[in-house]
Amino acid sequence: MTQIDQQVHSIGPEVTGSRIFKFIAFLYGIAAYLVFFVTILYAIGFVMGVMVPKTIDTGSDSSTVEALIVNLLLMTLFALQHSVMARKQFKAWWTQFVPKAVERSTYVLFASLSLLLLFWQWRPLPSVIWNVENPDLAVTLVTLSFAGWVLVFTSTFMINHFELFGLHQVTDHLAGKEAAPPRFKTPLLYKFVRHPIYLGFIIAFWAAPTMTAGHLLFAAVTTLYIFVGIALEENDLVDLFGEEYRQYRQRVSMLIPWRRSV
Ligand SMILES: C[S@@+](CC[C@H](N)C(=O)[O-])C[C@H]1O[C@@H](n2cnc3c(N)ncnc32)[C@H](O)[C@@H]1O
């Protein structure tokens, strides 16, 4: 057997440590990141109703009941994938099969695929709940929604964009570096709110000059899910960083800078 044959045929740490595996893992990490990037760009167009072929308010006609069931199932699938795969018990289990270096990339890939499925299969519910006719106010709302997306994007860079989306891990692995342990950070906006990324999503989803029933369903369910996600994430953060995170939670608001309770 040649050296490459050995590398391809053996399973386990020898494979994950081999140069060819490291390179494949790196390419996989880049591919997963690109899928994520296209998905998040599509998400902006989908929610804001601009520049994409199918938005939150377009798609095939269906009854209200069918639309409600399908949309709720799609959001539940995303929420389950996102929350279950992020838990440390799940990570401990599935890194027996998925190499640690690509664990985050695989999580990001699955999250992106479940979102793309949602965009594709989403059923519109076109009844108008509110429609802002004042052009200045309408423009303000569109700008606010866009600002929400900017807040999401910039906050990922404050906390570590490339680690959050798996690229850091595959790059370190390629360079033969040990993965650094997670570090507690409170840069810039994290000094004012504990969850600027989630705050950005909430602003982006609710600031709409025309709010249809479908859009409202999406905004309400995702906001509810964000609160569940925060509770789960903060449990993990307390486990991970202990007293440091507990004190941070007492000192800094969850989402609204001037309100301690939220
Ligand atoms: C999608 S990010 C959301 C971060 C934060 N909840 C927000 O809305 O800006 C989730 C990841 O960020 C990590 N995280 C959240 N707050 C953190 C902090 N202050 N320092 C380091 N990591 C953090 C969590 O452990 C999790 O892996």
Check your understanding: Quick one: what Rg and Dmax do you get for region 191-262 from the alpha carbons, in Å?
Key -> 14.0, 44
Exercise for review: Would you pull out the residues with amide H under 5 Å of Thr210's amide H, same chain only if 5 or more places away, H placed 1.01 Å from N?
Suggested key: Val132
Point to revise | Pairwise label distance in nanometres, Lys100 with Arg249, each label 7 Å out on the Cα-Cβ vector | key: 2.7
Review point. What list of whole percents do you get for P(r) of region 96-228, with Cα-Cα distances grouped in 10 Å bins up to the one holding the largest distance?
Key: 11, 29, 33, 19, 7, 1
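What longest region of the chain stays clear of chymotrypsin sites (Phe, Trp or Tyr not before Pro) that DSSP places outside H, G, I, E and B and that have at most 16 other Cβ atoms within 10 Å?
Numbers: sites that count: Phe97, Phe184, Phe192, Trp258.
The longest such stretch corresponds to 1-96.
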Exercise for review: Take every Cα-Cα distance within region 22-161, group them into 10 Å bins from 0 onward, and report for each bin the whole-number percent of pairs it holds.
Suggested key: 10, 30, 34, 19, 6, 1
Point to revise | 10 Å Cβ shell holding at most 13 others, DSSP loop, GluC sites (Glu not before Pro): longest site-free stretch of the chain | key: 1-132
Practice item. With only alpha-carbon atoms counted, please give the Rg and Dmax of region 108-152, in Å. Key: 15.0, 41
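Say R0 is 25 Å: what FRET efficiency, to the nearest 0.05, do Val70 and Phe192 get from their beta-carbon distance?
Working: r = 38 Å, r/R0 = 1.52.
Between Val70 and Phe192 the formula returns 0.05.
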Point to revise | Pair Leu116, Glu133: separation of 7 Å Cα→Cβ label points (nm) | key: 4.3
Check your understanding: Per residue, how many Å² of accessible area does region 128-262 show with a 1.4 Å probe?
Key -> 56
Study note, to complete from the structure: Candidate span helices, the chain: DSSP H, at least 18 Å along axis from Cα coords, Kyte-Doolittle average at least -1.0, result 19-48, 64-84, 103-121, 135-159, 213-241
Practice item. Averaging over all projection directions, find the projected area of the Cα convex hull of the chain and quote it in nm² with one decimal place. Key: 16.5
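How high is the relative contact order of the chain, in percent, counting Cα pairs under 8 Å that sit 6 or more residues apart? The partial results should precede the final answer.
Details: 290 pairs, mean separation 62.1, N = 262.
It rounds to 24 percent for the chain.
Multiply the residue gap between Val228 and Gln89 by 0.36 nm, knock off their C-alpha separation, and tell me the result in nm, one decimal place. Mind showing how you got there, number by number?
On the way: separation 139, 0.36 × 139 = 50.04 nm, distance 1.78 nm.
Gain on extension, Val228 to Gln89, equals 48.3 nm.
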Point to revise | Distance in nm between pseudo-label sites at Trp258 and Asp236 (7 Å out along the Cβ direction from Cα) | key: 3.3
Check your understanding: Leaving out ligands, DNA and RNA, what percent of the accessible area of the chain is carbon and sulfur, probe 1.4 Å?
Key -> 69
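The values are calculated or read from the model by the stated rules, or taken from the named source; none is laboratory data. All values reported here derive from a predicted model rather than from experimental measurement. Don't worry about glycine lacking a Cβ; one is built from the backbone with ideal geometry, like all the others, and counts go over all protein chains shown. Each accessible area value is taken on the protein alone, full model and side chains, heavy atoms only, with ligands, DNA and RNA left out. Shrake-Rupley method; radii C 1.70, N 1.55, O 1.52, S 1.80 Å.
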